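Participant: Have a look at this one.
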Amino acid sequence: MTTDESSIPDFKNLSLTSNGKAADKSQHLVVCFGEMLIDFVPTVSGVSLAEAPAFQKAPGGAPANVAVCVSKLGGSSAFIGKVGDDEFGRMLDGILEQHKVDNSGVRFDQNARTALAFVTLTAEGEREFLFFRNPSADMLLHESELDIDLINKSVIFHYGSISLIGEPCRSTHLAAMAAAKKSGSLLSYDPNLRLPLWPSEEAARSGIMSIWDEAHIIKV
């Protein structure tokens, strides 16, 4: 991918910190936006979802995973997204806090549940997904619920494509990107293709590519 180098922020004098919340861009804050959910994984490997004898729950959601891993590596990170006001949502929020991820941008929905995903790796090496989000709380994040101050502190603003699938989250995603870009953040994009969540393959292609040219970094 090519981009205008003059639009890329200069990070030469920045250093990673591990002291929790960031006060300004000098602390190299990575803000991750998108979904946080519960993955249910078979207790045995190499089976289909139908063949699995039991499942074990695990925290998931690609943007949330990035936020936690940045913190584990000694960096400063934050997560912006929405979960249900339920036990799973509170558990996920607690996991962010446990890993010293700034969770001030997390919102709770009293009328929608935290998203669930059943996922397995079959003996043939293919992944199977079964999602429960009709709609889930992450799809219902409104622009009015964004923590713009937190976004403005980000040196890197990281996001995926799942939050582009439906409203109101799509418009919220675009507003968050615009705020990050305006503040001079580097934009990091993980296309994270999950065809079962999109209305069609063409809708997935169109949605994912609609913000492609905005990113400084694309994880393919």
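The values are calculated or read from the model by the stated rules, or taken from the named source; none is laboratory data. Note that the structure is a prediction, hence the values are computed from the model and not measured. Virtual Cβ from ideal backbone geometry, glycine too; neighbours counted across all protein chains shown. Remember, those area values only see protein heavy atoms, side chains included, never the ligands or the DNA or RNA. Shrake-Rupley method; radii C 1.70, N 1.55, O 1.52, S 1.80 Å.
Participant: Any residue at all in segment 129-142 that is surrounded by 18 or more Cβ atoms within 10 Å (Cβ to Cβ) and under 21 Å from SER71 (Cβ atoms)? It would help to see each step written out before you state the result.
Facilitator: Our first condition is that a residue be surrounded by 18 or more Cβ atoms within 10 Å (Cβ to Cβ); within segment 129-142, this holds for 133, 136-141.
Narrowing the set further to residues that are under 21 Å from SER71 (Cβ atoms) leaves 138.
Within segment 129-142, one or more residues are surrounded by 18 or more Cβ atoms within 10 Å (Cβ to Cβ) and under 21 Å from SER71 (Cβ atoms).
Participant: Please note which helices (runs of 4 or more DSSP H) are completely contained in segment 103-220 and include at least 1 residues that are of a type outside the set (Lys, Arg) and within 30 Å of GLN56 (Cα to Cα).
Facilitator: 169-182, 201-209
Participant: When you check LEU150 against the structure, is it touching a strand residue (DSSP E or B) at 6+ places or on another chain (Cβ under 9 Å), surrounded by fewer than 22 Cβ atoms within 10 Å (Cβ to Cβ) and at pLDDT below 95, yes or no?
Facilitator: Working: touching a strand residue (DSSP E or B) at 6+ places or on another chain (Cβ under 9 Å): yes; surrounded by fewer than 22 Cβ atoms within 10 Å (Cβ to Cβ): yes; at pLDDT below 95: no.
When the stated conditions are applied, LEU150 does not pass them.
Participant: Within the bounds of segment 53-71, is there any residue that is of a type in the set (Gly, Ala, Ser), farther than 22 Å from ARG194 by Cβ, surrounded by 19 or more Cβ atoms within 10 Å (Cβ to Cβ) and in contact with a His (Cβ under 9 Å, 6 or more places away or on another chain)? Don't jump to the end; show me each part of the working.
Facilitator: Going through segment 53-71, the residues of a type in the set (Gly, Ala, Ser) turn out to be 54, 58, 60-62, 64, 67, 71.
Narrowing the set further to residues that are farther than 22 Å from ARG194 by Cβ leaves 54, 71.
Of the ones still in play, those that are also surrounded by 19 or more Cβ atoms within 10 Å (Cβ to Cβ) are 71.
Right, trim to in contact with a His (Cβ under 9 Å, 6 or more places away or on another chain) and you get 71.
Checked against the condition, which is being of a type in the set (Gly, Ala, Ser), farther than 22 Å from ARG194 by Cβ, surrounded by 19 or more Cβ atoms within 10 Å (Cβ to Cβ) and in contact with a His (Cβ under 9 Å, 6 or more places away or on another chain), segment 53-71 yields at least one hit.
Participant: Need pairs with beta-carbon distance below 6 Å; first residue within 12 Å of PRO42 (Cβ to Cβ) and within segment 115-139, second part of a loop (DSSP other than H, G, I, E, B) and open to solvent by less than 80 Å² (accessible area, probe 1.4 Å); sequence gap 6+ or separate chains.
Facilitator: What qualifies is PHE118/LEU49; THR120/LEU49; THR122/SER48; GLU128/LEU49; LEU130/LEU49.
Participant: Considering only segment 40-52, state which residues are loosely packed, with under 14 Cβ neighbours inside 10 Å, over 17 Å from PHE132 (Cα atoms) and among the hydrophobic types (A, V, I, L, M, F, W, C).
Facilitator: Selection gives VAL44 alone.
Participant: Looking only at segment 81-90, decide whether some residue is surrounded by fewer than 22 Cβ atoms within 10 Å (Cβ to Cβ) and either of a type in the set (S, T, N, Q) or within 14 Å of the chain's Cα centre (by Cα) (or both).
Facilitator: Among the residues of segment 81-90, not one is surrounded by fewer than 22 Cβ atoms within 10 Å (Cβ to Cβ) and either of a type in the set (S, T, N, Q) or within 14 Å of the chain's Cα centre (by Cα) (or both), which makes the answer no.
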